[in-house]
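Trainee: Submitted below is the structure of interest, expressed as structure tokens.
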Amino acid sequence: MRSFQADRIHEANSFPSIRLGSFPSLNIIKSRTAARFDQHKAYTFQAVSTMVSDKDVPVVLVAGATGRVGRKVVNLLLSRSKDPDDKLPELKVKALARDTDKAARVLPSDENVEVIKCDLGDASAVARCCKGVDAVIWCATGFSDSSDSSLLNKLLGVARLKLTPRQSIDIAGLSQIGKLLEGQASHPDLPGPRVVMCSSAAVTRPTWNEEKKMRYEGAADIPIVRLNPLGILDVKRDGEQALRSSGVSYAIVRPCGLNDNWPSGRAVFSQGDIAVGRINREDVAQLLVQVLLEKDAQGKTFECVALPGYPSPKSCSLQLARLKLDGDASISNIDVLDAQYALLQQLVPGETMQPNQLAMGQTYEQLDSGQVGRLGKRGQERPPLARTD
Ligand SMILES: NC(=O)c1ccc[n+]([C@@H]2O[C@H](COP(=O)([O-])OP(=O)(O)OC[C@H]3O[C@@H](n4cnc5c(N)ncnc54)[C@H](OP(=O)(O)O)[C@@H]3O)[C@@H](O)[C@H]2O)c1
């Protein structure tokens, strides 16, 4: 097993976390920062952060860095920023983790990544971690079906969601991070939104009226919406709104069912929360990182599925430019929704192509072959701690 550089794991929960000995040179940092300030007048001078913070390069914070999407985001940020042919600038990563042993197992040891121990439910720790941060990719959730999360952490997440949903990281954490970054000028090398949130398709569907649920049955009567465990869709919807209300520039990416057995493919975007389908976590991570560069992603919320067999575009600028800003009335126009629904239902995986016949925990392939899913028959599923496949 790889040994993780212990001096790169810092505690945000116990102040101070600054290790001057690990700074290359404070003088160099200051002069480089001043040079950057002259070059880009709009760029706000920020205090030297708690990490090895050379403000010549942007700092990207990843919340939920040990998660299955989060760790891929960290890897991609590092690998893409080192690739001279890639548009992603050289950058540094602050990887937030509540479990640093897990971080040591799943995150790379790299001079450009610093792991910081931080519970996202601890507001003062989050505030310390956000100092000197230029952008955030949010991949965390209090409701995890990951087999590599500790049972205690899973239960804590469940308890927070059930007992105090407004204090869950999905709402309070996002709101706080949005407010902390709001008003700061963006780093010139990262023209996209300051906060990129990995949310979920289907978050609005529990609020649809009966008429809309019947009209778009193949989107509304799917297991995650039917069962909505612990009200997670409502919590994530409120988390989205908390981020929008924070005033920060944001983009909200809503992947459909995450399934790592689904081959990579072109991410297809839609709006109006009508999409059903699959995408693997690598494709989601690619998209979350790409969005940091995309000015046209700002202020937008969109769903995504992946179409295997179609290559990923070199850039998603064109796709994003065609999307509407949040609040644009045409997103909920019924003719627009009808047309999108008709198209997107044709992209549903499998042969049966009736997602409303799925049980939670059942795959489209199991439905096609008449097999029962891992949580039991439709309508009799055992209460899941897990999300759908
Ligand atoms: N499953 C699906 O089909 C599906 C579909 C669409 C969207 N999504 C969304 O996609 C996102 C990423 O999913 P995923 O599979 O990568 O999730 P995951 O593997 O469960 O990762 C969740 C991350 O959040 C972290 N976390 C939870 N509570 C925390 C706290 N209090 N403090 C610090 N960190 C905390 C976890 O830390 P630990 O590593 O310590 O547990 C983990 O790193 C989630 O927001 C999910 O809701 C899922």
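Trainee: For Arg160, Arg80, Arg374, which order do you get if you count the other beta carbons within 10 Å of each Cβ and list the fewest first?
Mentor: Fewest-to-most Cβ neighbours within 10 Å comes out as Arg374, Arg80, Arg160.
Trainee: How many angstrom lie between the C-alpha centres of region 302-357 and region 143-174?
Mentor: Using only Cα atoms, the two centres lie 29 Å from each other.
Trainee: OK, next. Net charge near Val225, counting Lys/Arg +1 and Asp/Glu -1 over other residues with Cβ under 9 Å of its Cβ? The partial results should precede the final answer.
Mentor: Details: positive: Arg205, Lys213, Arg226; negative: Asp221.
Its environment carries a net charge of +2.
Trainee: Taking K and R as +1 and D and E as -1, what net charge do the other residues with C-beta under 13 Å from the C-beta of Val268 add up to?
Mentor: Overall, the nearby charge balance is +2.
Trainee: So how do 349-360, 299-310 stack up, highest first, on mean other-Cβ count within 10 Å?
Mentor: Descending packing order for the listed peptides: 299-310, 349-360.
Trainee: By per-residue mean of other Cβ atoms within 10 Å, what is the highest-first order of 326-332, 237-243?
Mentor: 237-243, 326-332
Trainee: Something else now. So what's the convex hull volume per residue for the Cα atoms of region 188-284, in Å³?
Mentor: Per-residue hull volume (Cα only) is 119 Å³.
Trainee: Next up: Please give the peptides 139-149, 164-174 ranked by average Cβ packing (other Cβ atoms within 10 Å per residue), highest first, as a rough proxy for protection.
Mentor: 164-174, 139-149
Trainee: Moving to a separate point now. Where the eigenvalues come from the Cα gyration tensor of region 219-337, what are the semi-axes √(5λ) of the equivalent ellipsoid, largest first, in whole Å?
Mentor: 21, 20, 15
Trainee: Please give the net charge around Gly142, taking every other residue with its beta carbon less than 9 angstrom from that of Gly142, where Lys and Arg add +1 and Asp and Glu add -1.
Mentor: Here the charged neighbours net out to 0.
Trainee: What is the magnitude of the charge dipole of region 173-322 about its Cα centre, with +1 placed on the Cβ of each Lys and Arg, -1 on the Cβ of each Asp and Glu, and no other charges, expressed in debye to the nearest 20?
Mentor: Charge dipole of region 173-322: 140 debye, to the nearest 20.
Readers should treat all values here as calculations from the given coordinates under stated rules, not as data from a laboratory. Since this is a predicted model, take the numbers as computed values, not measurements. Backbone-built Cβ (ideal geometry, glycine too); neighbour counts: all protein chains shown.
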